Amino acid sequence: NVGLQDYDPEIYDLVCKEQYRQYSGLELIASENFTSQAVMEANGTCLTNKYSEGLPGARYYGGNEYIDQVEELCRKRALEAFHLDAAEWGVNVQPYSGSTANFATLTALLQPQDRIMGLDLPSGGHLTHGYQTAKKKISSTSIYFQSMPYQVDPATGYIDYDRLEANAKLFRPKVLICGASAYPREWDYARLRKVADQHDAYLMMDMAHISGLVASRVAKDPFEFCDVVTTTTHKTLRGPRAGLIFFRRNSDLPRNHSLESRINQAVFPSCQGGPHNNTIAAVAVALKQVSTPEFVAYAQQVQANAARLAEALASYGYKLVTGGTDNHSVLWDLRPNKLTGSKIEKICELASITLNKNAVHGDVSAVSPGGVRLGTSALTSRSFQESDFDQVAGFLHRAVQIASQVQEQCGSRMIKDFIKALDGNEDVAALKRDV
Ligand code: PLP
(Lines give C-alpha, C1' and ligand atoms only; values in the text may rest on other atoms or scores of the structure.)
Protein backbone atom coordinates (compact mmCIF):
# COMPACT_ATOMS: atom_id res chain seq x y z
CA ASN A 1 0.00 0.00 0.00
CA VAL A 2 2.03 2.91 -1.31
CA GLY A 3 0.92 6.39 -0.20
CA LEU A 4 0.06 9.27 -2.52
CA GLN A 5 3.36 11.11 -2.19
CA ASP A 6 5.36 8.05 -3.27
CA TYR A 7 2.92 6.58 -5.76
CA ASP A 8 1.94 9.77 -7.59
CA PRO A 9 4.32 12.64 -6.86
CA GLU A 10 2.79 14.74 -9.67
CA ILE A 11 -0.67 14.80 -8.10
CA TYR A 12 0.81 15.07 -4.60
CA ASP A 13 2.80 18.11 -5.65
CA LEU A 14 -0.27 19.80 -7.15
CA VAL A 15 -2.28 19.12 -3.98
CA CYS A 16 0.49 20.69 -1.89
CA LYS A 17 0.61 23.73 -4.16
CA GLU A 18 -3.16 24.13 -3.96
CA GLN A 19 -3.02 23.84 -0.19
CA TYR A 20 -0.39 26.57 -0.08
CA ARG A 21 -2.48 28.75 -2.41
CA GLN A 22 -5.56 28.31 -0.22
CA TYR A 23 -3.81 29.23 3.01
CA SER A 24 -1.35 31.89 1.85
CA GLY A 25 -3.92 34.08 0.10
CA LEU A 26 -7.15 35.83 1.03
CA GLU A 27 -10.12 33.64 0.15
CA LEU A 28 -13.12 35.85 -0.54
CA ILE A 29 -15.24 33.58 -2.74
CA ALA A 30 -18.67 33.64 -1.13
CA SER A 31 -19.41 29.98 -1.92
CA GLU A 32 -16.20 28.57 -0.45
CA ASN A 33 -14.99 27.69 3.02
CA PHE A 34 -12.36 25.69 4.87
CA THR A 35 -13.53 22.40 6.33
CA SER A 36 -12.12 21.10 9.59
CA GLN A 37 -9.51 18.37 9.83
CA ALA A 38 -12.15 15.94 11.11
CA VAL A 39 -14.38 16.58 8.06
CA MET A 40 -11.42 16.06 5.71
CA GLU A 41 -10.52 12.83 7.45
CA ALA A 42 -14.03 11.41 7.20
CA ASN A 43 -14.11 12.41 3.53
CA GLY A 44 -10.94 10.42 2.87
CA THR A 45 -12.03 7.13 4.46
CA CYS A 46 -12.69 3.60 3.16
CA LEU A 47 -16.40 4.45 3.04
CA THR A 48 -15.70 5.51 -0.54
CA ASN A 49 -15.34 1.80 -1.43
CA LYS A 50 -18.93 0.84 -0.64
CA TYR A 51 -22.02 0.62 -2.86
CA SER A 52 -25.29 1.25 -1.02
CA GLU A 53 -28.03 2.11 -3.52
CA GLY A 54 -31.30 2.57 -1.67
CA LEU A 55 -31.94 3.86 1.82
CA PRO A 56 -30.90 2.63 5.30
CA GLY A 57 -32.55 -0.75 5.91
CA ALA A 58 -33.55 -1.12 2.24
CA ARG A 59 -30.44 -1.41 0.10
CA TYR A 60 -29.75 -3.11 -3.20
CA TYR A 61 -26.37 -4.38 -1.93
CA GLY A 62 -25.25 -6.42 1.07
CA GLY A 63 -22.69 -5.35 3.64
CA ASN A 64 -24.31 -2.06 4.63
CA GLU A 65 -24.58 -2.54 8.38
CA TYR A 66 -22.24 0.37 9.18
CA ILE A 67 -23.10 2.47 6.16
CA ASP A 68 -26.75 2.41 7.32
CA GLN A 69 -25.68 3.73 10.70
CA VAL A 70 -23.61 6.50 9.11
CA GLU A 71 -26.53 7.64 6.94
CA GLU A 72 -29.01 7.44 9.85
CA LEU A 73 -26.69 9.53 12.01
CA CYS A 74 -26.27 12.07 9.24
CA ARG A 75 -30.05 12.37 8.81
CA LYS A 76 -30.58 12.77 12.55
CA ARG A 77 -27.88 15.44 12.81
CA ALA A 78 -29.23 17.30 9.78
CA LEU A 79 -32.65 17.63 11.44
CA GLU A 80 -31.09 18.64 14.75
CA ALA A 81 -28.79 21.22 13.15
CA PHE A 82 -31.83 23.00 11.68
CA HIS A 83 -33.99 22.57 14.82
CA LEU A 84 -36.51 20.36 13.02
CA ASP A 85 -38.95 17.89 14.53
CA ALA A 86 -38.48 14.46 12.92
CA ALA A 87 -42.27 13.99 13.01
CA GLU A 88 -42.73 16.99 10.70
CA TRP A 89 -39.62 17.04 8.51
CA GLY A 90 -37.52 14.43 6.78
CA VAL A 91 -34.23 14.76 4.93
CA ASN A 92 -32.41 13.01 2.12
CA VAL A 93 -28.63 13.27 2.61
CA GLN A 94 -27.58 11.51 -0.60
CA PRO A 95 -27.41 14.31 -3.24
CA TYR A 96 -23.91 14.60 -4.67
CA SER A 97 -24.17 18.38 -4.91
CA GLY A 98 -26.51 21.35 -4.71
CA SER A 99 -27.31 21.12 -8.41
CA THR A 100 -28.40 17.49 -8.24
CA ALA A 101 -30.38 18.22 -5.06
CA ASN A 102 -32.29 20.94 -6.91
CA PHE A 103 -32.91 18.88 -10.04
CA ALA A 104 -34.03 15.88 -7.99
CA THR A 105 -36.41 18.14 -6.04
CA LEU A 106 -38.01 19.50 -9.20
CA THR A 107 -38.17 15.95 -10.61
CA ALA A 108 -40.08 14.92 -7.48
CA LEU A 109 -42.51 17.84 -7.48
CA LEU A 110 -43.27 18.28 -11.17
CA GLN A 111 -44.14 16.67 -14.47
CA PRO A 112 -41.99 17.54 -17.50
CA GLN A 113 -42.81 21.04 -18.83
CA ASP A 114 -44.53 22.15 -15.62
CA ARG A 115 -43.89 25.79 -14.68
CA ILE A 116 -41.28 27.15 -12.26
CA MET A 117 -40.30 30.64 -11.12
CA GLY A 118 -36.91 31.36 -9.55
CA LEU A 119 -34.62 34.36 -9.22
CA ASP A 120 -32.97 35.16 -12.56
CA LEU A 121 -29.24 34.45 -12.72
CA PRO A 122 -28.30 38.06 -13.62
CA SER A 123 -30.30 39.09 -10.52
CA GLY A 124 -28.27 36.72 -8.31
CA GLY A 125 -30.15 33.43 -8.77
CA HIS A 126 -28.53 30.06 -9.43
CA LEU A 127 -28.41 28.21 -12.77
CA THR A 128 -30.58 25.42 -11.36
CA HIS A 129 -33.47 27.79 -10.60
CA GLY A 130 -34.54 27.69 -14.28
CA TYR A 131 -31.83 29.73 -15.97
CA GLN A 132 -32.27 30.54 -19.65
CA THR A 133 -31.30 33.43 -21.90
CA ALA A 134 -33.42 35.03 -24.61
CA LYS A 135 -31.70 32.71 -27.10
CA LYS A 136 -31.04 29.53 -25.20
CA LYS A 137 -32.27 27.27 -22.42
CA ILE A 138 -29.10 26.83 -20.40
CA SER A 139 -29.93 24.77 -17.31
CA SER A 140 -31.67 21.39 -17.44
CA THR A 141 -34.18 23.07 -15.11
CA SER A 142 -35.23 25.29 -18.04
CA ILE A 143 -34.85 22.54 -20.66
CA TYR A 144 -37.22 20.12 -18.89
CA PHE A 145 -39.47 22.68 -17.17
CA GLN A 146 -41.02 25.96 -18.31
CA SER A 147 -39.23 28.77 -16.55
CA MET A 148 -40.23 32.38 -15.97
CA PRO A 149 -37.63 33.99 -13.74
CA TYR A 150 -38.30 36.95 -11.46
CA GLN A 151 -35.85 39.80 -10.98
CA VAL A 152 -34.51 42.36 -8.56
CA ASP A 153 -35.64 45.96 -8.87
CA PRO A 154 -32.79 47.61 -10.83
CA ALA A 155 -33.16 50.81 -8.81
CA THR A 156 -32.74 49.21 -5.38
CA GLY A 157 -31.19 45.78 -6.00
CA TYR A 158 -33.92 44.23 -3.77
CA ILE A 159 -36.26 41.58 -5.12
CA ASP A 160 -39.23 43.18 -6.82
CA TYR A 161 -41.96 41.25 -4.97
CA ASP A 162 -44.81 43.25 -6.55
CA ARG A 163 -43.70 42.32 -10.05
CA LEU A 164 -43.06 38.75 -8.96
CA GLU A 165 -46.63 38.51 -7.68
CA ALA A 166 -48.08 40.08 -10.84
CA ASN A 167 -46.08 37.74 -13.11
CA ALA A 168 -47.03 34.72 -11.01
CA LYS A 169 -50.70 35.60 -11.70
CA LEU A 170 -50.01 35.32 -15.42
CA PHE A 171 -47.65 32.33 -15.34
CA ARG A 172 -49.20 30.31 -12.48
CA PRO A 173 -46.04 28.42 -11.42
CA LYS A 174 -46.22 25.02 -9.77
CA VAL A 175 -42.98 25.65 -7.90
CA LEU A 176 -41.82 29.02 -6.63
CA ILE A 177 -38.10 28.90 -5.82
CA CYS A 178 -36.35 31.28 -3.47
CA GLY A 179 -32.68 31.35 -2.53
CA ALA A 180 -29.72 32.71 -4.48
CA SER A 181 -26.03 32.67 -5.24
CA ALA A 182 -25.51 36.42 -5.11
CA TYR A 183 -28.24 38.18 -3.14
CA PRO A 184 -27.01 39.96 -0.02
CA ARG A 185 -30.43 40.49 1.59
CA GLU A 186 -33.00 38.55 3.61
CA TRP A 187 -35.96 36.79 2.03
CA ASP A 188 -39.60 37.71 2.64
CA TYR A 189 -40.77 34.11 3.12
CA ALA A 190 -44.24 35.13 4.31
CA ARG A 191 -44.83 37.10 1.11
CA LEU A 192 -43.47 34.27 -1.06
CA ARG A 193 -45.72 31.77 0.75
CA LYS A 194 -48.70 34.01 0.03
CA VAL A 195 -47.84 34.14 -3.67
CA ALA A 196 -47.27 30.36 -3.81
CA ASP A 197 -50.61 29.76 -2.07
CA GLN A 198 -52.45 31.90 -4.63
CA HIS A 199 -51.51 29.25 -7.22
CA ASP A 200 -51.43 26.20 -4.98
CA ALA A 201 -47.70 26.02 -5.75
CA TYR A 202 -44.87 24.51 -3.76
CA LEU A 203 -42.51 26.95 -2.09
CA MET A 204 -38.94 25.70 -2.35
CA MET A 205 -35.99 27.41 -0.67
CA ASP A 206 -32.45 26.76 -1.88
CA MET A 207 -30.57 28.02 1.17
CA ALA A 208 -27.16 26.83 -0.14
CA HIS A 209 -25.34 30.08 0.54
CA ILE A 210 -26.85 30.89 3.90
CA SER A 211 -27.52 27.48 5.47
CA GLY A 212 -24.85 27.97 8.14
CA LEU A 213 -26.53 31.25 9.06
CA VAL A 214 -29.98 29.62 9.09
CA ALA A 215 -28.79 26.79 11.36
CA SER A 216 -27.30 29.37 13.74
CA ARG A 217 -30.46 31.51 13.61
CA VAL A 218 -28.42 34.40 12.24
CA ALA A 219 -30.68 34.33 9.16
CA LYS A 220 -34.48 33.95 9.10
CA ASP A 221 -35.95 30.45 9.21
CA PRO A 222 -37.25 29.24 5.81
CA PHE A 223 -38.65 26.03 7.30
CA GLU A 224 -41.57 27.89 8.82
CA PHE A 225 -42.95 28.71 5.35
CA CYS A 226 -41.52 26.28 2.80
CA ASP A 227 -42.54 22.82 1.62
CA VAL A 228 -39.03 21.81 0.57
CA VAL A 229 -35.64 23.25 1.51
CA THR A 230 -32.42 22.32 -0.30
CA THR A 231 -28.84 23.22 0.48
CA THR A 232 -25.25 22.57 -0.39
CA THR A 233 -23.11 21.52 2.56
CA HIS A 234 -19.85 23.29 1.70
CA LYS A 235 -20.58 27.00 1.86
CA THR A 236 -21.46 28.69 5.17
CA LEU A 237 -22.23 25.20 6.55
CA ARG A 238 -18.49 24.39 6.28
CA GLY A 239 -18.79 20.73 5.29
CA PRO A 240 -17.62 18.65 2.31
CA ARG A 241 -19.11 19.17 -1.17
CA ALA A 242 -22.61 17.66 -1.23
CA GLY A 243 -26.32 18.49 -1.06
CA LEU A 244 -29.29 17.93 1.27
CA ILE A 245 -33.04 17.97 0.60
CA PHE A 246 -35.43 18.63 3.50
CA PHE A 247 -39.11 17.87 2.92
CA ARG A 248 -42.27 18.21 4.93
CA ARG A 249 -43.62 14.86 6.01
CA ASN A 250 -47.30 14.13 5.56
CA SER A 251 -49.32 17.17 6.46
CA ASP A 252 -52.99 17.88 5.91
CA LEU A 253 -52.08 19.71 2.70
CA PRO A 254 -52.69 17.46 -0.34
CA ARG A 255 -49.68 18.97 -2.14
CA ASN A 256 -47.40 17.54 0.55
CA HIS A 257 -48.80 14.00 0.49
CA SER A 258 -46.09 11.44 -0.17
CA LEU A 259 -43.39 14.12 -0.54
CA GLU A 260 -41.05 11.81 1.30
CA SER A 261 -41.30 8.93 -1.16
CA ARG A 262 -41.32 11.25 -4.19
CA ILE A 263 -38.14 13.03 -3.06
CA ASN A 264 -36.36 9.81 -2.08
CA GLN A 265 -37.19 8.18 -5.41
CA ALA A 266 -36.20 11.26 -7.36
CA VAL A 267 -32.73 11.19 -5.79
CA PHE A 268 -32.39 7.45 -6.39
CA PRO A 269 -33.10 5.93 -8.88
CA SER A 270 -34.29 8.92 -10.97
CA CYS A 271 -31.24 11.20 -10.77
CA GLN A 272 -28.42 9.37 -9.02
CA GLY A 273 -26.88 5.97 -8.39
CA GLY A 274 -24.94 4.84 -5.33
CA PRO A 275 -24.52 7.38 -2.53
CA HIS A 276 -21.02 8.72 -1.81
CA ASN A 277 -20.77 7.30 1.69
CA ASN A 278 -17.46 8.93 2.58
CA THR A 279 -19.04 12.31 1.82
CA ILE A 280 -22.15 11.49 3.85
CA ALA A 281 -19.91 10.65 6.82
CA ALA A 282 -18.08 13.95 6.37
CA VAL A 283 -21.42 15.82 6.18
CA ALA A 284 -22.39 14.13 9.45
CA VAL A 285 -19.19 15.39 11.08
CA ALA A 286 -19.81 18.92 9.77
CA LEU A 287 -23.38 18.84 11.11
CA LYS A 288 -22.11 17.79 14.54
CA GLN A 289 -19.95 20.93 14.48
CA VAL A 290 -22.87 23.08 13.30
CA SER A 291 -24.85 22.18 16.42
CA THR A 292 -22.24 23.68 18.80
CA PRO A 293 -22.17 27.15 20.42
CA GLU A 294 -18.79 27.71 18.69
CA PHE A 295 -20.45 27.42 15.32
CA VAL A 296 -23.16 29.91 16.30
CA ALA A 297 -20.39 32.34 17.29
CA TYR A 298 -18.71 31.65 13.94
CA ALA A 299 -21.90 32.38 11.98
CA GLN A 300 -22.46 35.62 13.93
CA GLN A 301 -18.88 36.65 13.14
CA VAL A 302 -19.36 35.83 9.43
CA GLN A 303 -22.29 38.23 9.34
CA ALA A 304 -20.55 40.94 11.38
CA ASN A 305 -17.50 40.69 9.11
CA ALA A 306 -19.60 41.02 5.96
CA ALA A 307 -21.35 44.08 7.38
CA ARG A 308 -17.97 45.61 8.21
CA LEU A 309 -16.53 44.80 4.77
CA ALA A 310 -19.53 46.49 3.15
CA GLU A 311 -19.19 49.53 5.40
CA ALA A 312 -15.47 49.85 4.72
CA LEU A 313 -15.94 49.61 0.93
CA ALA A 314 -18.77 52.15 1.08
CA SER A 315 -16.49 54.49 3.05
CA TYR A 316 -14.16 54.54 0.00
CA GLY A 317 -17.19 55.66 -2.03
CA TYR A 318 -17.88 52.36 -3.80
CA LYS A 319 -21.35 51.28 -4.90
CA LEU A 320 -22.70 48.08 -3.37
CA VAL A 321 -25.84 46.38 -4.66
CA THR A 322 -28.61 47.21 -2.12
CA GLY A 323 -26.06 49.39 -0.31
CA GLY A 324 -24.94 46.65 2.08
CA THR A 325 -25.67 43.15 3.30
CA ASP A 326 -27.72 41.06 5.73
CA ASN A 327 -25.70 37.87 5.23
CA HIS A 328 -22.18 36.67 4.42
CA SER A 329 -21.91 38.24 0.98
CA VAL A 330 -21.33 41.61 -0.61
CA LEU A 331 -22.13 42.36 -4.25
CA TRP A 332 -19.92 45.17 -5.49
CA ASP A 333 -20.96 47.17 -8.55
CA LEU A 334 -17.83 48.41 -10.34
CA ARG A 335 -19.60 50.03 -13.25
CA PRO A 336 -19.46 53.53 -11.70
CA ASN A 337 -15.66 53.06 -11.61
CA LYS A 338 -15.71 52.18 -15.32
CA LEU A 339 -14.18 48.77 -14.56
CA THR A 340 -15.37 45.24 -15.16
CA GLY A 341 -15.42 42.46 -12.60
CA SER A 342 -12.96 40.45 -14.74
CA LYS A 343 -10.26 43.10 -14.36
CA ILE A 344 -10.54 43.26 -10.59
CA GLU A 345 -10.67 39.45 -10.42
CA LYS A 346 -7.43 39.29 -12.46
CA ILE A 347 -5.50 41.86 -10.41
CA CYS A 348 -6.66 40.25 -7.18
CA GLU A 349 -5.63 36.82 -8.41
CA LEU A 350 -2.13 38.11 -9.16
CA ALA A 351 -2.03 39.55 -5.63
CA SER A 352 -3.26 36.32 -3.94
CA ILE A 353 -6.78 37.58 -3.27
CA THR A 354 -9.42 35.18 -4.58
CA LEU A 355 -12.84 36.51 -5.53
CA ASN A 356 -15.13 36.15 -8.51
CA LYS A 357 -16.56 38.43 -11.14
CA ASN A 358 -20.34 38.53 -10.92
CA ALA A 359 -23.24 39.88 -12.89
CA VAL A 360 -24.98 42.91 -11.47
CA HIS A 361 -28.51 43.65 -12.59
CA GLY A 362 -28.57 45.51 -15.91
CA ASP A 363 -25.28 44.09 -17.21
CA VAL A 364 -25.23 43.92 -20.97
CA SER A 365 -22.64 41.14 -21.19
CA ALA A 366 -22.75 38.00 -19.06
CA VAL A 367 -19.18 37.18 -20.18
CA SER A 368 -17.82 40.46 -18.88
CA PRO A 369 -19.99 41.36 -15.90
CA GLY A 370 -19.80 44.67 -14.08
CA GLY A 371 -19.41 43.45 -10.54
CA VAL A 372 -17.62 41.17 -8.14
CA ARG A 373 -18.99 39.01 -5.34
CA LEU A 374 -17.26 38.84 -1.98
CA GLY A 375 -17.92 36.57 0.97
CA THR A 376 -16.60 36.37 4.50
CA SER A 377 -17.23 32.69 5.42
CA ALA A 378 -13.78 31.33 4.54
CA LEU A 379 -11.68 34.05 6.16
CA THR A 380 -13.88 33.97 9.25
CA SER A 381 -12.98 30.26 9.53
CA ARG A 382 -9.41 31.53 9.69
CA SER A 383 -10.37 33.73 12.69
CA PHE A 384 -10.64 37.05 10.85
CA GLN A 385 -12.45 39.76 12.81
CA GLU A 386 -13.98 43.09 11.77
CA SER A 387 -10.66 44.97 11.95
CA ASP A 388 -9.08 42.40 9.62
CA PHE A 389 -11.81 43.14 7.10
CA ASP A 390 -10.98 46.86 7.26
CA GLN A 391 -7.57 45.80 6.01
CA VAL A 392 -9.08 43.52 3.36
CA ALA A 393 -11.16 46.47 2.12
CA GLY A 394 -7.95 48.54 1.95
CA PHE A 395 -6.32 45.87 -0.25
CA LEU A 396 -9.37 45.80 -2.52
CA HIS A 397 -9.28 49.59 -2.79
CA ARG A 398 -5.66 49.38 -3.89
CA ALA A 399 -6.61 46.77 -6.50
CA VAL A 400 -9.20 49.16 -7.95
CA GLN A 401 -6.72 52.02 -8.04
CA ILE A 402 -4.19 49.85 -9.87
CA ALA A 403 -6.88 48.67 -12.30
CA SER A 404 -7.93 52.24 -13.11
CA GLN A 405 -4.33 53.31 -13.74
CA VAL A 406 -3.50 50.30 -15.90
CA GLN A 407 -6.69 50.69 -17.90
CA GLU A 408 -5.88 54.32 -18.58
CA GLN A 409 -2.28 53.56 -19.54
CA CYS A 410 -3.06 50.72 -21.91
CA GLY A 411 -5.66 52.76 -23.77
CA SER A 412 -7.87 49.72 -24.40
CA ARG A 413 -10.88 48.27 -22.65
CA MET A 414 -10.05 44.72 -23.78
CA ILE A 415 -9.22 42.25 -21.00
CA LYS A 416 -6.38 40.65 -23.01
CA ASP A 417 -4.64 44.03 -23.43
CA PHE A 418 -5.24 44.74 -19.76
CA ILE A 419 -3.64 41.45 -18.69
CA LYS A 420 -0.66 42.13 -20.96
CA ALA A 421 -0.25 45.60 -19.46
CA LEU A 422 -0.24 44.09 -15.96
CA ASP A 423 2.88 42.06 -16.69
CA GLY A 424 5.60 43.03 -14.21
CA ASN A 425 3.44 45.74 -12.57
CA GLU A 426 5.20 46.74 -9.40
CA ASP A 427 2.10 47.94 -7.58
CA VAL A 428 0.56 44.49 -8.00
CA ALA A 429 3.75 42.89 -6.70
CA ALA A 430 3.69 45.24 -3.69
CA LEU A 431 0.03 44.44 -3.04
CA LYS A 432 0.80 40.71 -3.15
CA ARG A 433 3.62 41.19 -0.65
CA ASP A 434 1.34 43.09 1.73
CA VAL A 435 -1.45 40.52 1.41
N1 PLP B 1 -27.65 26.51 -5.23
C2 PLP B 1 -27.04 27.68 -5.01
C3 PLP B 1 -27.85 28.81 -4.45
C4 PLP B 1 -25.68 27.83 -5.31
O5 PLP B 1 -25.10 29.02 -5.12
C6 PLP B 1 -24.97 26.72 -5.83
C7 PLP B 1 -23.53 26.80 -6.14
O8 PLP B 1 -22.83 27.71 -5.96
C9 PLP B 1 -25.66 25.53 -6.05
C10 PLP B 1 -26.99 25.45 -5.74
C11 PLP B 1 -24.98 24.37 -6.71
O12 PLP B 1 -24.19 23.66 -5.91
P13 PLP B 1 -23.13 22.60 -6.49
O14 PLP B 1 -22.02 23.39 -7.08
O15 PLP B 1 -22.76 21.80 -5.29
O16 PLP B 1 -23.84 21.79 -7.52
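The values are calculated or read from the model by the stated rules, or taken from the named source; none is laboratory data. Keep in mind the model is a prediction, meaning the values are calculated, not measured. Using ideal geometry, Cβ is built from the backbone for each residue, glycine included, and neighbour counts are taken over all protein chains shown.
So which of Thr105, Thr100, Thr141, Thr128 ends up being free of Cβ contacts under 8 Å to residues at least 60 places away in the same chain and within 14 Å of the ligand (Cβ to nearest atom)?
Checking each option against the conditions leaves just Thr141.
Inspect all residues belonging to the stretch 268-283 and state whether any of them is of a type in the set (Val, Ile, Thr) and more than 21 Å from Cys74 (Cβ to Cβ).
no
From the list Gly239, Gly212, exactly one residue is within 13 Å of the chain's Cα centre (by Cα) and away from the ligand (no atom under 12 Å from the Cβ). Which is it?
Exactly one of Gly239, Gly212 is within 13 Å of the chain's Cα centre (by Cα) and away from the ligand (no atom under 12 Å from the Cβ), namely Gly212.
Do the conditions hold for Ala310, that is, is it assigned to a helix (DSSP H, G or I), farther than 30 Å from Tyr60 by Cα and of a type in the set (A, V, I, L, M, F, W, C)? Reasoning before the result, please.
On the way: assigned to a helix (DSSP H, G or I): yes; farther than 30 Å from Tyr60 by Cα: yes; of a type in the set (A, V, I, L, M, F, W, C): yes.
In short, yes.
Suppose we keep only residues that are of a type in the set (Asp, Glu) and without any contact (Cβ under 8 Å) to a residue 40 or more places away in the chain within the stretch 345-382. Which one would you say is surrounded by the fewest Cβ atoms within 10 Å (Cβ to Cβ)?
Per the criteria, the residue is Glu349.
Please give the number of the condition Ala307 fails out of (1) under 20 Å from Ile402 (Cα atoms); (2) touching a Ser or Thr at 6+ places or on another chain (Cβ under 8 Å).
Among (1) under 20 Å from Ile402 (Cα atoms); (2) touching a Ser or Thr at 6+ places or on another chain (Cβ under 8 Å), the lone unmet condition for Ala307 is (1).
Matching residues to (1) at negative phi; (2) buried (at least 23 other Cβ atoms within 10 Å of the Cβ); (3) without any contact (Cβ under 8 Å) to a residue 60 or more places away in the chain:
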position: Thr156; (1), (2), (3): yes, no, no
position: Ala190; (1), (2), (3): yes, no, yes
position: Val214; (1), (2), (3): yes, yes, no
position: Asn250; (1), (2), (3): yes, no, yes
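Check Phe34 against each of (1) loosely packed, with under 11 Cβ neighbours inside 10 Å; (2) under 28 Å from Arg238 (Cβ atoms); (3) aromatic (Phe, Trp, Tyr) and name the one condition it does not meet.
(1)
Would you point out the residue of the stretch 194-209, among those that are part of a loop (DSSP other than H, G, I, E, B) and more than 16 Å from the ligand (Cβ to nearest atom), that is nearest to Leu331 (Cα to Cα)?
From the stretch 194-209, those part of a loop (DSSP other than H, G, I, E, B) are 199-201, 207; that's our starting set.
Going one step further and asking which of them are more than 16 Å from the ligand (Cβ to nearest atom), we end up with 199-201.
Working: His199: 32, Asp200: 33, Ala201: 30 Å.
Step by step, filter the stretch 194-209, then rank; the result is Ala201.
Before we move on, is Phe418 surrounded by 18 or more Cβ atoms within 10 Å (Cβ to Cβ), among the aromatic types (Phe, Trp, Tyr), modelled with pLDDT under 95 and touching a helix residue (DSSP H, G or I) at 6+ places or on another chain (Cβ under 6 Å)?
Details: surrounded by 18 or more Cβ atoms within 10 Å (Cβ to Cβ): yes; among the aromatic types (Phe, Trp, Tyr): yes; modelled with pLDDT under 95: yes; touching a helix residue (DSSP H, G or I) at 6+ places or on another chain (Cβ under 6 Å): yes.
The answer is yes for Phe418.
If Glu27 meets every condition in (1) under 30 Å from Asn356 (Cβ atoms); (2) crowded, with 18+ Cβ neighbours inside 10 Å; (3) over 28 Å from the mean Cα position of the chain (by Cα) apart from one, which number is that one?
Result: Glu27 passes all but (3).
Taking the criterion of being under 23 Å from Ala359 (Cβ atoms), in contact with a Gly (Cβ under 6 Å, 6 or more places away or on another chain) and among the aliphatic types (A, V, I, L, M), would at least one residue in the stretch 113-130 satisfy it?
Yes - at least one qualifying residue is present in the stretch 113-130.
Any residue at all in the stretch 368-381 that is out of contact with any Gly (no Cβ under 6 Å at 6 or more places or on another chain), farther than 19 Å from Ala182 by Cα and not in a strand (DSSP E or B)?
There is at least one residue in the stretch 368-381 that is out of contact with any Gly (no Cβ under 6 Å at 6 or more places or on another chain), farther than 19 Å from Ala182 by Cα and not in a strand (DSSP E or B).
Being part of a loop (DSSP other than H, G, I, E, B), closer than 20 Å to Met414 by Cα and at pLDDT 95 or above is the filter here, so list the residues in the stretch 326-354 that pass it.
Passing the criteria: only Leu334.
To keep it simple, each residue is scored yes or no on (1) more than 30 Å from Thr380 (Cα to Cα); (2) out of contact with any Cys (no Cβ under 8 Å at 6 or more places or on another chain); (3) in a helix (DSSP H, G or I).
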residue	(1), (2), (3)
Asn33	no, yes, no
Met40	no, yes, yes
Tyr51	yes, yes, no
Gly63	yes, yes, no
Glu72	yes, yes, yes
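Among the residues of the stretch 39-58, is there at least one that is in contact with a strand residue (DSSP E or B) (Cβ under 9 Å, 6 or more places away or on another chain), at negative phi and surrounded by fewer than 16 Cβ atoms within 10 Å (Cβ to Cβ)? Talk me through it step by step, then tell me what you get.
Going through the stretch 39-58, the residues in contact with a strand residue (DSSP E or B) (Cβ under 9 Å, 6 or more places away or on another chain) turn out to be 51-53, 55.
Applying the additional criterion that residues be at negative phi yields 51-53, 55.
Now narrow it down to the ones that are surrounded by fewer than 16 Cβ atoms within 10 Å (Cβ to Cβ): none.
No - not one qualifying residue is present in the stretch 39-58.
Select, from Asp153, Asp160, the only residue that is away from the ligand (no atom under 16 Å from the Cβ), among the acidic types (Asp, Glu), touching a Phe, Trp or Tyr at 6+ places or on another chain (Cβ under 8 Å) and over 21 Å from Ser97 (Cα atoms).
Asp160
Assess whether Ser97 counts as being on the phi < 0 side of the Ramachandran plot, out of contact with any Leu (no Cβ under 7 Å at 6 or more places or on another chain), surrounded by fewer than 21 Cβ atoms within 10 Å (Cβ to Cβ) and among the polar types (S, T, N, Q).
yes
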